[in-house]
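What follows is a set of notes on a single structure, which appears directly below.
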Amino acid sequence: MAIGFGIVGCGMISNFHARAIEEIRGAKFVACFDNRLESAERLASEFGGVAYSDLNAMLADPKVDVVTICTPSGAHMEPAVAAANAGKHVIIEKPLEVTLKRCDKIIDACERNNVVCSTIFPSRFHGASQELKKAIDGGKFGTLSLGDAYVKWFRTQEYYDSGAWRGTWALDGGGALMNQAIHSVDLLIWLMGPVKSLSAQTATLAHQRIEVEDVATAALKFENGALGVIEATTAAFPGMLKKIEIHGSEGTAVIEEEDIKTWEFAKMTAKDKKIAAEFASKTQTGGGAADPSAIGHAAHAHQFKDVLKSIKQGTKPAIDGEEGRRSVEIILAIYQAAKTNRVVQLPLKRDPVLKSKSKTK
């Protein structure tokens, strides 16, 4: 019997979830909920599920086994906790939530109800990312020295004006970092390991009527001694593909979206040359660099399959709630460092107060 999926929040990203579910053998889109019934009906009419305007009614549907959360970032906790309390497994779009306290409430609810919790970070499932992780864990880089993430994207003023929640601390949780660059933040700490301390600067330069940053830079020190940089913006016309650079005493790798641009090691093997060739031209979309809808759903499908495997085997998914919490903590630390103009030590002891950090133009 197929495992039934219900989607909460029927905005743009819900379409990618529904398409991913369609492609998975043993999974079925069965229901969706939105406060605006017409939005739920639109998604249901396209993918064949039942539309609900009452969340509790959808959670009471016995055909729903897994709930994916696609609401605005600062509105993830309530439906996620409700789903867990109803005994449903939970998949949450990035970020897990916008404060550590709200992240922890989701994680706790899932643990108490013995349901799987996973945070969506599909970039980890790209082939190039997987090969890079294996190379790092296998020691091919020697001593890691630098780990950098660059997300130089572009968003129009109309993008921020399209929803009252966009660009707010309460529901977006932040700007270029929390909303766009969090995928690369997650990748960087997955590859390089925990961050020990950081300093940062943020600014709101190119957009009006938003509370959050559209430019951010951070300097990192990892627990393994390596240093790193995060650069993020939504004010870089026309928008570039996101990039990860990893350097060590015996190797360098550069990944742009899904493509390996550099794969060089002191001890190159035939396998290395094959990897470099195989992943040289994998990117098929704009990666969201200028158009938030210009992404694929294949990596979502890979992550959903991983969650289904964890449900069936009773194991943890590759990206659970704690993994999702890590990138939120790093970004909150960057905001705190920028606001206080001080080096911030990790882990954070509490959620920083951020609402007064940026001023709108």
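Readers should treat all values here as calculations from the given coordinates under stated rules, not as data from a laboratory. In this text, all values refer to a predicted model and were calculated from it rather than measured experimentally. We place every Cβ from the backbone using ideal geometry, glycine too, and count neighbours over all the protein chains shown.
The figures follow:
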| item | result |
| --- | --- |
| Cα shape, the range 198-273, gyration tensor, a/c 1.5 rule | oblate |
| Ranked list, fewest to most other Cβ atoms within 10 Å of each Cβ, for S14, S162 | S162, S14 |
| Alpha-carbon centroids, the range 15-65 and the range 215-275: separation in whole Å | 38 |
| Proxy reagent accessibility, fewest Cβ within 10 Å first, across F265, F5 | F265, F5 |
| Relative contact order of the chain, defined on C-alpha pairs under 8 angstrom at six or more residues apart (%) | 19 |
| With Cα atoms, 0 to 90° folded angle of helix 298-313 axis to the chain main axis | 70 |
| The range 11-162 shape via C-alpha gyration tensor axes, a/c threshold 1.5 | prolate |
| Within a Gaussian network of the chain (alpha carbon springs, distance under 10 Å), most fluctuating of M77, M240, M268 | M268 |
| In the range 1-71, the trypsin sites (Lys or Arg not before Pro) that fall in loop regions by DSSP, at most 14 other Cβ within 10 Å | R25, R36 |
| In degrees, nearest ten, helix 182-192 long axis to first principal axis of the chain (Cα) | 50 |
| Most mobile of I331, I182, I24 in a GNM of the chain (Cα contacts under 10 Å) | I24 |
| FRET efficiency for A270 and L146, using Cβ-Cβ distance with R0 set to 25 Å, rounded to 0.05 | 0.40 |
| Cα gyration tensor category, rounded, prolate or oblate, for the range 249-361 with a/c compared to 1.5 | prolate |
| Whole-Å distance, taken between Cα centres, linking the range 89-162 and the range 298-343 | 4 |
| Three principal axis lengths of the chain [C-alpha, angstrom, descending] | 57, 51, 39 |
| Positive-end residue, the chain charge dipole about Cα centroid, Cβ charges, pick of F29, A290, A18 | A290 |
| N341 versus L205: modelled label distance in nm, points set 7 Å from Cα along the beta carbon direction | 1.8 |
| FRET efficiency, 1/(1 + (r/R0)^6) with R0 56 Å, evaluated for F237 and D108 via beta carbons | 0.85 |
| D291-N35 FRET efficiency (beta carbon distance; Förster radius 30 Å; 0.05 resolution) | 0.70 |
| Using θ = phi - 60° and Karplus 6.51 cos²θ - 1.76 cosθ + 1.60, couplings along the range 224-240 (whole Hz; Gly, Pro as x) | 7, x, 5, 10, x, 9, 10, 10, 9, 7, 10, 10, 10, 5, x, x, 10 |
